[in-house]
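Visitor: Before we start, here is the structure in question, set down as structure tokens.
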């Protein structure tokens, strides 16, 4: 008996459901001494953020370790990290790090 009403309302409900975007799942938050780098990267709207080593050190409030300036693996090697805290600052912000050691910069790209 109410089939005509169901047929009339169903397209409107389907249209609203198509516009609905599910909320993002909760993400793990960052803590520790690299938290300020995470916060900076997480709050940037741009898909690409380029920072110099000096800018990163200004954000953090302390000097980067010597390995950060001399080894690309410090930025890119996800296996065998002794101190995972630092890499979480960009991985939890959904970014990858691509260092240019000669230029003293790091490109942080948003992961898709």
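The values are calculated or read from the model by the stated rules, or taken from the named source; none is laboratory data. On a predicted model such as this, the values are computed, not experimentally measured, just so you know. Here the Cβ is made from the backbone with ideal geometry for all residues, glycine too, and neighbour counts use every protein chain on show.
Visitor: Find the residue count for segment 93-112, including only residues that are modelled with pLDDT under 95, assigned to a loop (DSSP other than H, G, I, E, B) and surrounded by fewer than 17 Cβ atoms within 10 Å (Cβ to Cβ).
Guide: Adding up the residues that qualify gives 3.
Visitor: Say whether the condition of being touching a helix residue (DSSP H, G or I) at 6+ places or on another chain (Cβ under 7 Å), modelled with pLDDT of 95 or more, surrounded by 12 or more Cβ atoms within 10 Å (Cβ to Cβ) and part of a helix (DSSP H, G or I) is met by at least one residue in segment 43-53.
Guide: Yes.
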